[in-house]
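Asker: Okay, here's the structure, questions in a sec.
The values are calculated or read from the model by the stated rules, or taken from the named source; none is laboratory data. As the structure is a prediction and not an experimental result, all values here were calculated from the model. Don't worry about glycine lacking a Cβ; one is built from the backbone with ideal geometry, like all the others, and counts go over all protein chains shown.
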Amino acid sequence: MHVNYAILGIFSVLIFSAAGLAGAETGAKSTAFEKTTLLEFTNNDSSPIYTVKLWLGKDAGAFKSFKAEKGWTGVKNPQGVLVFTSTEPLGTGESVKFGIKTEIESPGVNWKTSDTTGNEMSIGKVTPDQAAKSTETPQQPDKPAQPVNMDSATFRIIPESPKTGDSIRIVGEGFSKNTVLNFLINNERLEDIQTDESGRIVGTAKIPITIQADRVDLSLEDSQGNKKTISIRIDKSEETPAPQNTKKLTVGNYVAIAEPGQKVSASGTGKPGSSVSITGKDLAGNKLYQAVVSVDTQGNWQHETVIPLDAPLGTRNVEFSDGIETITKSISISITKIIKVDSSKTKYDPGEKFLFNGTAKPSQTLQVVINDPIEKEIFSDLLEIGESGAFNFEYQTATTSTKGTYVVFLTQGDETEIIRVGLGELPSPQIIAKFDKLNYASSETAKLTINGPAKSTISILIIDPGDKVKLTESISLGLDGGKVHDLVLSEYKSGVYTAVIKHSQSETSLVFSVGLQTTTGNISIQATKPEYLPGDNILVLGSTNPNAILSLEMSDPDGKIIKKKDIFSDKEGKFSEGTFRVPSDAKQGPWIIKAKSGAKFSDAKFTVSGTATKTFNIKTDKTTPYKAGDYMTITGIGGGKTQTVVITISDSKNNKITDLSMSSTKEGSFQTLWPVPQGIESGKYTIKATVGTETAETIFDLQ
């Protein structure tokens with residue numbers, strides 16, 4: 001979105017935060033032109049601003065798009081709130097601007113600022129045409145429960161007498177419901193713990209190994225600074241006795257297979273106080289790597305390093321020596337992908353056919369999805385992989401297909417492979433990412449497959465259900481531009497999270513959930529049309545319990561499952577899905593999209609009315625009149641397999657407007673996009689498609 005700061009100066013108003021926020025004060029300024037608004041925030045407080053949240057009132061519609069200044073990252077969470085965060089917080093006297101586009105003109109915007117620990121600093125509402133009172137409390141999207149008296153709350157820890165370094169459980173009741181509490185040890189924050197609907201808590205924390213063994217205060221503190229504290233004694237952790245007279249060199253925990261960019265380690269024993277030299281050599285004996293590690297007073301040593309991203313593939317030897325004895329082991333540097341796929345070309349011309357072949361796990365299903373340059377899903381299929389593990393598939397483009405980078409996702413079980421191809425140009429190395437599934441248990445580890453520029457550094461930002469930053473970290477991509485990153489979820493509470501994956505020139509965001517449950521209520525689902533043709537997109541709508549996980553399956557008249565996808569309902573229990581598409585070779589008859597969640601299920605039934613064996617026919621993507629400048633999608637089926645298709649568009653006087661040419665698929669279908677030109681007269685127009693000796697016609701109106 002481009003915000004024109006000159007014309008946005010029509011309206012201007014300056015307000016300050018609501019009273020009673022511990023003296024925190026943020027200046028908020030709004031300027032607007034039509035449906036575009038520029039918001040400027042100035043930090044007048046002594047603490048830096050780390051997070052700015054924006055939301056609209058119930059009657060103000062929704063945010064359509066947004067833009068943040070450099071250094072700030074914006075995310076729209078599932079509740080429709082815009083959350084802007086920065087790795088360099090806004091200091092005293094500094095300002096930041098955000099541009100938004102909304103459904104209505106000159107909306108009132110609610111806002112809230114927070115510091116680096118997530119504590120609220122200021123809150124207010126700003127409108128372009130009238131000043132909000134300083135005492136006004138804006139409507140909040142998820143207003144927390146009012147704090148209760150901490151005197152009625154109780155908590156305890158298990159075990160009751162922990163040692164330094166121990167993991168403990170925190171159990172309590174009588175707190176505010178649905179509230180985040182800080183767990184403190186001697187006023188040092190360790191963890192955040194979420195209360196449930198009844199005000200109960202169950203959380204975990206780890207006593208720091210560095211804390212001094214003594215009596216300490218353990219506290220639970222709410223956002224208003226109210227505390228509940230207990231006092232316990234922490235003992236010193238028992239030390240593992242040092243091994244006696246350990247002199248013999250040993251090597252253990254050794255990694256024998258690794259990929260470029262992977263962290264590898266080894267450990268073992270040796271003479272206390274001595275050292276161990278580690279030398280990597282190729283098979284010809286040339287030295288590639290050398291390090292020296294010390295053996296501690298207990299006779300133990302360990303070493304960790306990262307295989308360089310440009311390390312050559314192959315086998316090499318690693319020698320471990322204490323000067324008396326030498327132990328030699330081998331390590332194989334290889335790329336151990338389960339799914340391997342190649343495209344016949346990196347760059348295709350419009351009208352050409354994408355051709356892919358590869359290997360995957362034998363005797364298992366492989367799901368293939370292709371997204372076009374605007375990230376719209378244009379192809380999906382489930383391939384049955386035979387005993388050899390080999391597979392191939394293709395996609396026919398049209399001469400009018402959008403030029404740019406097409407992304408292919410291949411998924412088998414929890415493994416994902418991503419590749420790019422270009423249409424009309426070389427593919428660009430933008431950031432692409434995919435989780436191995438949508439919903440996880442907190443005991444699981446999420447696999448995030450990332451693809452981007454080779455050997456580049458990628459930042460990962462995880463935003464929790466409360467719009468706080470849960471995690472920030474950086475990783476390096478491999479020589480092939482790929483990386484599978486493990487995300488341990490043991491400390492993640494139940495809810496919907498957003499992952500922002502960012503490179504210096506590109507970024508993407510994904511939604512995943514932790515701990516969502518299957519529904520206990522009824523499920524309703526329906527398709528928006530009763531009848532479809534091959535190649536049509538399908539939109540299904542439904543409802544069930546709020547925040548429930550569901551699985552959708554589309555099956556043909558023979559009961560064969562064509563596509564699967566997991567989704568979740570929103571906080572009102574509504575869900576929708578628009579990525580299902582009738583295959584171009586779809587069999588005529590009744591089709592079903594089934595929604596399942598636990599023991600509950602419901603079907604959306606529709607009819608596919610055309611197949612590749614039906615009489616040659618063509619159609620446009622809508623029956624209402626078109627206008628100059630519209631993009632018309634023309635599809636056809638049944639006119640011949642893998643043949644040249646010529647489409648002629650003529651006016652009511654049989655004057656030819658244009659000719660289009662493409663190839664039909666091996667199933668006999670074709671599709672093309674025609675931009676309706678400016679300057680042609682209103683009236684009825686004829687579209688005639690010719691394949692060999694067969695012809696098909698349809699009519700459309702232009703107004």
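Asker: Can we say I370 is at negative phi, buried (at least 18 other Cβ atoms within 10 Å of the Cβ) and in contact (Cβ under 8 Å) with a residue 60 or more places away in the chain?
Answerer: For I370, the condition - at negative phi, buried (at least 18 other Cβ atoms within 10 Å of the Cβ) and in contact (Cβ under 8 Å) with a residue 60 or more places away in the chain - is not met.
Asker: Which of the residues belonging to region 630-689 are among the basic types (K, R) and either closer than 13 Å to K619 by Cα or more than 39 Å from the chain's Cα centre (by Cα) (or both)?
Answerer: Residues satisfying the conditions are K653, K656, K684, K688.
Asker: Quickly run through region 308-343 and pick out the residues that are modelled with pLDDT of 90 or more and closer than 30 Å to E394 by Cα.
Answerer: S343
Asker: Which one is modelled with the lowest pLDDT among residues in region 621-656 that are assigned to a strand (DSSP E or B) and either in the same structural domain as K529 (by TED's automatic domain parsing) or within 17 Å of D585 (Cα to Cα) (or both)?
Answerer: So, considering only residues that are assigned to a strand (DSSP E or B) and either in the same structural domain as K529 (by TED's automatic domain parsing) or within 17 Å of D585 (Cα to Cα) (or both), the one modelled with the lowest pLDDT is I637.
Asker: OK, next. Would you mind stating whether K227 is surrounded by 12 or more Cβ atoms within 10 Å (Cβ to Cβ), of a type in the set (D, E, K, R) and modelled with pLDDT of 80 or more?
Answerer: yes
Asker: Moving on to the next point. In the list S474, S456, S443, S490, which residue meets the criterion of being more than 15 Å from the chain's Cα centre (by Cα) and free of Cβ contacts under 8 Å to residues at least 24 places away in the same chain?
Answerer: The match here is S474.
Asker: Find all pairs meeting these conditions: Cβ atoms under 9 angstrom apart; at least six residues apart or on different chains; first residue within region 311-327 and small (G, A, S); second residue part of a loop (DSSP other than H, G, I, E, B).
Answerer: Note: pairs meeting the criteria are A311/P260; A311/G261; A311/L479; G314/D282; G314/L283; G314/S334; S321/L249; G323/S274.
Asker: Which of the residues belonging to region 550-564 are surrounded by fewer than 20 Cβ atoms within 10 Å (Cβ to Cβ) and either part of a loop (DSSP other than H, G, I, E, B) or at pLDDT 90 or above (or both)?
Answerer: Across region 550-564, the qualifying residues are S551, E553, S555, D556, P557, D558, G559, K560.
Asker: Determine which member of the set V511, V500 is outside the structural domain of G573 (by TED's automatic domain parsing), surrounded by fewer than 17 Cβ atoms within 10 Å (Cβ to Cβ) and part of a strand (DSSP E or B).
Answerer: V511
Asker: Kindly list the number of the only condition in (1) in a loop (DSSP other than H, G, I, E, B); (2) small (G, A, S); (3) surrounded by 18 or more Cβ atoms within 10 Å (Cβ to Cβ) that fails for G542.
Answerer: With (1) in a loop (DSSP other than H, G, I, E, B); (2) small (G, A, S); (3) surrounded by 18 or more Cβ atoms within 10 Å (Cβ to Cβ) applied to G542, the lone miss is (1).
Asker: Cβ-Cβ distance below 7 Å, separation of 6 or more or different chains: which pairs start in region 669-685 with a residue that is over 30 Å from K353 (Cβ atoms) and end on one that is loosely packed, with under 15 Cβ neighbours inside 10 Å and hydroxyl-bearing (S, T, Y)?
Answerer: So the pair list comes out as G683/S652; K684/S652.
Asker: Determine which single condition I339 fails, assuming it passes every other condition in (1) more than 30 Å from T400 (Cα to Cα); (2) touching a Leu at 6+ places or on another chain (Cβ under 8 Å); (3) surrounded by fewer than 14 Cβ atoms within 10 Å (Cβ to Cβ).
Answerer: It is condition (3) that I339 fails.
Asker: Can you name every residue in region 683-697 that is more than 13 Å from T635 (Cα to Cα), loosely packed, with under 15 Cβ neighbours inside 10 Å and not hydroxyl-bearing (S, T, Y)?
Answerer: G683, K684, G692, E694
Asker: Among the listed residues L533, L552, L516, identify the single one that is in contact (Cβ under 8 Å) with a residue 12 or more places away in the chain and over 30 Å from L461 (Cα atoms).
Answerer: Step by step, each of L533, L552, L516 is checked, and only L533 is in contact (Cβ under 8 Å) with a residue 12 or more places away in the chain and over 30 Å from L461 (Cα atoms).
Asker: Which residues, counting only those in region 96-124, are part of a strand (DSSP E or B), farther than 19 Å from P465 by Cβ and touching a residue at least 60 places away in the same chain (Cβ under 8 Å)?
Answerer: Of everything in region 96-124, those that are part of a strand (DSSP E or B), farther than 19 Å from P465 by Cβ and touching a residue at least 60 places away in the same chain (Cβ under 8 Å) turn out to be F98, G99, I100, K101, T102, V109, W111, T113, M121, S122, I123, G124.
Asker: So L426 clears everything in (1) farther than 30 Å from A205 by Cβ; (2) aliphatic (A, V, I, L, M); (3) at pLDDT 90 or above; (4) surrounded by 18 or more Cβ atoms within 10 Å (Cβ to Cβ) except one condition, right? Which one?
Answerer: Unmet condition: (4).
Asker: Any idea how many residues of region 430-454 are farther than 21 Å from V369 by Cβ and in contact with a His (Cβ under 6 Å, 6 or more places away or on another chain)?
Answerer: Residues meeting the conditions: 0.
Asker: Of the residues that make up region 374-392, is at least one within 20 Å of the chain's Cα centre (by Cα) and within 25 Å of I475 (Cβ to Cβ)?
Answerer: Yes, because at least one residue in region 374-392 is within 20 Å of the chain's Cα centre (by Cα) and within 25 Å of I475 (Cβ to Cβ).
Asker: I'd like the full set of residues that are over 40 Å from the mean Cα position of the chain (by Cα) and within 19 Å of N253 (Cβ to Cβ), limited to region 283-300.
Answerer: Within region 283-300, V292, V293, S294, V295, D296, Q298, G299, N300 meet the criteria.
Asker: Next question, about the same structure. Just to verify a result, which residue in region 565-603, among those that are of a type in the set (A, V, I, L, M, F, W, C) and closer than 30 Å to F670 by Cα, is modelled with the lowest pLDDT?
Answerer: Result: A586.
Asker: Consider only pairs whose beta carbons are under 6 Å apart and that are at least six residues apart or on different chains; among these, list those whose first residue lies in region 266-280 and is farther than 12 Å from H303 by Cα and whose second residue is surrounded by fewer than 18 Cβ atoms within 10 Å (Cβ to Cβ) and aromatic (F, W, Y).
Answerer: Pairs that qualify, where the first residue is farther than 12 Å from H303 by Cα and the partner is surrounded by fewer than 18 Cβ atoms within 10 Å (Cβ to Cβ) and aromatic (F, W, Y), are G280/Y289.
Asker: Additional query: Quick check on this structure: which one of N182, N186 is at pLDDT 80 or above, closer than 26 Å to E120 by Cα and surrounded by 17 or more Cβ atoms within 10 Å (Cβ to Cβ)?
Answerer: Answer to the check: N182.
Asker: Residue under question is L54, and the condition is that it be in contact with a helix residue (DSSP H, G or I) (Cβ under 7 Å, 6 or more places away or on another chain) and in a strand (DSSP E or B); does it hold?
Answerer: no
Asker: Hey, can you tell me all the residues within region 419-439 that are touching a Ser or Thr at 6+ places or on another chain (Cβ under 7 Å) and in a strand (DSSP E or B)?
Answerer: I419, R420, V421, G422, L423, I432, A433, K434, N439
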